[in-house]
1. Return the residue satisfying two criteria in turn: it lies in region A:151-189 and is acidic (Asp, Glu) and under 15 Å from the mean Cα position of the chain (by Cα), and of such residues it is nearest to A:Leu49 (Cα to Cα).
2. B:Arg135 - would you say it is of a type in the set (Lys, Arg) and more than 14 Å from chain A (Cβ to nearest Cβ)?
3. Going by the conditions given, is A:Leu148 surrounded by fewer than 19 Cβ atoms within 10 Å (Cβ to Cβ), more than 21 Å from the chain's Cα centre (by Cα) and over 27 Å from A:Asp27 (Cβ atoms)?
4. Please report, ordered by residue number, the helices (runs of 4 or more DSSP H) entirely within region B:224-332 with at least 3 residues that are touching a residue at least 24 places away in the same chain (Cβ under 8 Å) and within 30 Å of A:Leu49 (Cβ to Cβ).
5. In region B:204-235, which residues are farther than 23 Å from A:Glu127 by Cα and in contact with a Leu (Cβ under 7 Å, 6 or more places away or on another chain)?
6. Taking only region A:33-58 into account, find how many residues are aliphatic (A, V, I, L, M) and in contact with an Asp or Glu (Cβ under 7 Å, 6 or more places away or on another chain).
7. Just to be sure I understand, how many residues within region A:158-193 are in a helix (DSSP H, G or I) and surrounded by fewer than 20 Cβ atoms within 10 Å (Cβ to Cβ)?
8. Does at least one position in region B:239-257 carry a residue that is farther than 25 Å from A:Ala149 by Cα and facing chain A (nearest Cβ under 7 Å)?
Amino acid sequence: MSILQVRDLTLRFGGLEVISRLSLEVDAGGLVSLIGPNGAGKTSVFNCLTGFYRANSGDIAFNGASILKLKPHRITRMGMARTFQNLRLFKNMTVLENVMSGMHCRTRAGALGAILRNPAQRAEEAEIQRVADECLDFVGILEHRDRLAKNLPYGDQRRVEWARALATRPKLLLLDEPAAGLNYDEKERLMGLIRRIRRELNITIFLIEHDMGLVMRISEKVIVIDYGKKIAEGDCTTIQNDPKVIEAYLGKEEE
Amino acid sequence: MAEPFPTPASVMKRSGVAALEERLFSFFDNRRRRYSAYAILILVSLAIPAVGDNYVLEILANSFFYIVLCLGLNVVVGYAGLLDLGYAAFFAVGAYTTGILTSHYGWNFWLTIPAAVAFSILAGVIIGGPTLRLRSDYLAIVTLGFGEITRIVARNLKDITGGASGLIGINRPSLFGLELYQIHHYYYAFFVMVILAVFVSYRLQHSRLGRAWQYVREDEDAAEAMGIDRVAIKLYAYITGAVFAGVAGCFFAAKMTAISPETFQFMQSATILMAVVMGGMGKIPGMVLGALALVLFPEVFREIGSMRMLVFGLVLVLLMIFRPQGMWPERKN
């Protein structure tokens, strides 16, 4: 069964067609990668899926329900979380507070609860903190919980973003270039983490990545787009031998 | 948390004022010391009417009033990061609600407070609903416009608001049979209001809602991606700020017994905003400092006459150059 179904998605910025009639499916529990040359429209696809861009036509179904016209926060609440290509942490807040933001859409205390601190509000705060700690522990940076996010090294800041996304308790996790800027060791650990997210938390993963070694090692399905169009789809070996993919990445051999 | 490799800049910053601040913070990190400090502050404030003359009480009551307004605007500007240039409009809503209901309809003062809260919320929704979709600069312009509209409406609705000459003869409130008419009555009334406002601000800041405001202030898009409805959260901040100003407005009307549209000019909004920025946005003690400085400075320098506003302006400029974060220090982590 597919958790995400995109049909004929088209996105235009003025006269420029960024995504044209793109269709794709992500199976529940699967690990799918979206690759393509620079400027192919990968991040635009993610922005459409998460509601940051409104597609011009086509449809996006998440768990069977259309999310095409929903605002980003509604989509997150439905169980789709994302990370950003360039880190978008709340820099001047602590690591813990960053991760607590993920629980916002799963909790409900308002102004009155905040002022009175009634038992329901206190229980909720404790739960938010417990889940945030759990997520921090899962990505392995629990010891940094009280530091300001901006004071962490880059690799750890990435992990704060993953923990924050996990704290929204997603069913589907979109990772936009999770390995960008990581060194070899960190990439190895990232792969381990992605596997654990699938196995232990049962979360489907859809990622954009430029590191082909990483993509080929962990993906079950790879989708290749170029100029906003899908040019290939399949398992890693199929993709590696597809002439269209080779052409898109390396150019055509002159006759 | 100490930085593992102190950079030259951070070493330099540790000197002088910064070192003093750090020592102050670590001194008050102890909970008992902090609560003792609060207790002393409260006791001193309660004792002042026994020794101070009417002039001192008048000035301090006025400062208390501005502390409440600053704390309210701080929710909007400091916590949620929204630039609001029309805050006096909400203060006007509270003052006029009390004024109209007591003088035209003979309501009891205390009953006008919930009414003022309701009208403030309504005004917050009407003004905030359409405008909070806008970002930063646009929001500032629109709030400026709404602030002026509110004042002009108050001036032109002659039959209800008394027009340009305003409302006079607003009933004095009474409490357990004691009519509040002397300055020390209002001193205490405003002091209670300050305590309440500080308490509510603190609780809000350290809650799910307070964090959401901060998320939206830090990065709207990331907040939205985390499942936070940014428009609703901003509206919440706007309404909270409106309620603070509305309640403060009720007491203002009761103390002055007369209000006119000219009290709620743009200068009023700008002045409150200035105190918020001067004190240090987002920090409760900063609001107390900012409001005190705003009211006390012109009084202390009364001798130098018309020069004092010039000096005040100069001090402000210098403050913003050398201490853009405001008077109250930022807590380092």
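1. Our first condition is that a residue be acidic (Asp, Glu); within region A:151-189, this holds for A:156, A:161, A:176-177, A:185-186, A:188.
From the residues that got through so far, the ones that are under 15 Å from the mean Cα position of the chain (by Cα) too are A:161, A:176-177.
Details: A:Glu161: 19, A:Asp176: 12, A:Glu177: 16 Å.
Among those that are acidic (Asp, Glu) and under 15 Å from the mean Cα position of the chain (by Cα), it is A:Asp176.
2. Numbers: of a type in the set (Lys, Arg): yes; more than 14 Å from chain A (Cβ to nearest Cβ): yes.
Here the answer is yes, as B:Arg135 does meet what is asked.
3. Values: surrounded by fewer than 19 Cβ atoms within 10 Å (Cβ to Cβ): no; more than 21 Å from the chain's Cα centre (by Cα): yes; over 27 Å from A:Asp27 (Cβ atoms): yes.
Answer is no for this residue.
4. Working: elements: B:230-256, B:266-279, B:284-300, B:307-322.
Hits in region B:224-332: B:230-256.
5. Across region B:204-235, the qualifying residues are B:Val231, B:Lys234, B:Leu235.
6. To start, the set of residues in region A:33-58 that are aliphatic (A, V, I, L, M) comprises A:34-35, A:40, A:45, A:49, A:55.
Subset that is in contact with an Asp or Glu (Cβ under 7 Å, 6 or more places away or on another chain): A:35, A:40.
Of the residues in that region, 2 qualify.
7. Just the residues of region A:158-193 that are in a helix (DSSP H, G or I), to begin with: A:158-166, A:184-193.
With the extra rule that they be surrounded by fewer than 20 Cβ atoms within 10 Å (Cβ to Cβ), the set shrinks to A:184-189, A:191-193.
Residues that pass the stated criteria total 9.
8. From region B:239-257, those farther than 25 Å from A:Ala149 by Cα are B:239-257; that's our starting set.
From what's left, facing chain A (nearest Cβ under 7 Å): B:240.
Yes, region B:239-257 has at least one match.
The values are calculated or read from the model by the stated rules, or taken from the named source; none is laboratory data. None of these values were measured; they are calculated from a predicted model. Ideal geometry is used to build each Cβ from the backbone, glycine not excepted, and the neighbour counts take in all protein chains shown.
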